Amino acid sequence: MEKRKFRLADVVLSVICVVFVAEAAAPVASIGNSQYFWWLFMILAFLLPYGLISSELGTAFPGDGGLYDWIHTAWPDSRWGARASWYYWINFPLWMASLAVMCPELLGYVLGWQPGPVWSLVIQLAFIWIVTVVAFYPVCDSIVILNLSAAIKILLAVTVGVLGIVYVARNGFVNDMSAGTFLPSFDLDSLSYISVIIFNFLGFEVVCTYAGSMADPRRQIPQAIVTGGVVIAAIYLFSAFGIGAAVPTRDISVDSGLIDAVSLMTGRTGGVLVGIVALLFLVTLFGNMISWSMGVNSTAALAADHNDMPRFFAKRWAKNNMPVGSAVASGVVASGVCILGVL
């Protein structure tokens, strides 16, 4: 049976699923109205050129090796490919562990039950290994998951933005909206959030590793990156406006996320709306990790094929040629981090 191929709409939604981070706007909003300058500045100075570079490399060298393939092609006799693939891979299991830690709390909002340490660990490990097992199968088998996750991310961002508009219409802006407050702040606290914004713009190169699952990657990759990039920029700004307009800056901590923002905007720490948002947010975490795992695993596996990563990372499943070695390695490291967290 012929393997299903990504349509252009699927690739665009994959870009949104990979790059857009639903909880990103809340922490950045803690710096006040200067956030809008930094969002716009980084969209123009980083997101745009980064997207164009990824598009060019992804179409010039279509394949599942992504970042490693590009570096190894440019410098085949250097160790830069090994260094890049190692740093690229290790980021993923550490990130997966950090998102796994959020799952028990999200389930608590949904079910009205706060699990103890043992159940929390069980939930964290379940999240990690569900993501790991799904990564054993081709990305085209997960089109529904990626598309659903992208749609939910857009819905959550729009919901936050609309909540902000509704709040302002009823109560006015909670923060000072004078022109001077929109000027960029260059203190260390504000500048530190530039790294947060950059991190939340990463992922275009991941979508390039899906080239083998696309009907026409040379056309679909640039079209999807441009379209997805525009949508991502718009929904980041819209959700940032909603939070900045309706939540007092002093009430937003560096640990604030989507649930905290919705709670502050609605004046409720629980209830049906918060529970629904928590459930939808939980689904996006699966989508985020599944989409990233397939790109990262493919990159690490190709590096291992060239002896630039441990040979275990090159192990593939004979059934479908998927890089199960790197997937299992990610699951083991992420699990170890979560276990260490409760000891």
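Between Asn307 and Leu94, how high is the FRET efficiency from 1/(1 + (r/R0)^6) when r is the Cβ-Cβ distance and R₀ = 25 Å? Nearest 0.05. Working shown, then result.
Values: r = 24 Å, r/R0 = 0.97.
My answer for the efficiency is 0.55.
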request  = On the full set of protein chains, 1.4 Å probe, figure out the accessible area of Phe136 and give it in Å² to the nearest 10.
outcome  = 40 Å²
Cβ-based net charge around Met294, under 12 Å, with every Lys or Arg adding one and every Asp or Glu removing one = -2
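Could you grab the relative contact order for the chain? Cα pairs under 8 Å, six or more apart, rounded to a whole percent. Intermediate values should be presented prior to the final figure.
Details: 530 pairs, mean separation 136.3, N = 343.
Relative contact order comes out at 40 percent.
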query = Roughly what angle does helix 324-342 make with the longest principal axis of the chain, taking Cα atoms, 0 to 90 degrees, to the nearest 10?
reply = 40 degrees
Length released on extending from Leu343 to Asp251, taking residue separation times 0.36 nm less the Cα-Cα span = 30.0 nm
inquiry  = Just to confirm my numbers, what's the Cα centroid distance between region 69-126 and region 128-190 in Å?
reply    = 19 Å
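Net charge near Thr59: determine it from the other residues with C-beta under 15 Å of the C-beta of Thr59, scoring Lys and Arg +1 and Asp and Glu -1.
-3
Roll a 1.4 angstrom probe over the protein heavy atoms and tell me the percent of accessible area of the chain that is carbon or sulfur.
Details: 10240 of 15020 Å².
Using a 1.4 Å probe with all protein chains present, the chain comes out at 68 percent carbon and sulfur.
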inquiry  = Suppose R0 equals 51 Å. What FRET efficiency, 1/(1 + (r/R0)^6) with r the Cβ-Cβ distance, do Val230 and Val118 give to the nearest 0.05?
reply    = 0.65
request  = Would you check the accessible area of Cys140, probe 1.4 Å, heavy atoms only, in square angstrom rounded to 10?
outcome  = 10 Å²
query = Asp141 to Arg218: extension gain in nm, 0.36 nm per residue of separation minus the Cα-Cα distance?
reply = 25.6 nm
message = In Å², and per residue, what accessible area does the chain have when probed at 1.4 Å with the other protein chains present?
response = 44 Å²
query = Looking only at Trp39, Trp86, Trp317, which one moves most when the chain is put into a Gaussian network model with springs between Cα atoms under 10 Å?
reply = Trp317
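With a sphere of radius 12 Å drawn around the Cβ of Asn147, what net charge do the other residues whose Cβ falls strictly inside it have (Lys, Arg +1; Asp, Glu -1)? Walk me through the numbers on the way to the answer.
Numbers: positive: Arg7, Lys153; negative: Asp10.
Every neighbour counted, the sum reads +1.
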remark   = Longest principal axis of the chain (C-alpha) makes with the long axis of helix 8-19 (C-alpha) an angle, in degrees to the nearest 10, of 70 degrees
ask   = In degrees between 0 and 90, to the nearest 10, how far off the longest principal axis of the chain does helix 272-305 point, with axes built from Cα atoms?
value = 30 degrees
message = Need the full-extension length gain, Val168 to Ala74, defined as separation in residues times 0.36 nm minus the C-alpha distance. One decimal, nm.
response = 28.6 nm
query = GNM, the chain, Cα, under 10 Å: largest mean-square fluctuation among Val272, Val134, Val162?
reply = Val272
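The values are calculated or read from the model by the stated rules, or taken from the named source; none is laboratory data. It should be emphasised that the depicted structure is a prediction, and the values quoted were computed from it without experimental measurement. Cβ: placed from backbone, ideal geometry, glycine included. Neighbour counts: every protein chain shown. Note: areas computed on protein heavy atoms with side chains; ligands, DNA, RNA excluded. Shrake-Rupley method; radii C 1.70, N 1.55, O 1.52, S 1.80 Å.
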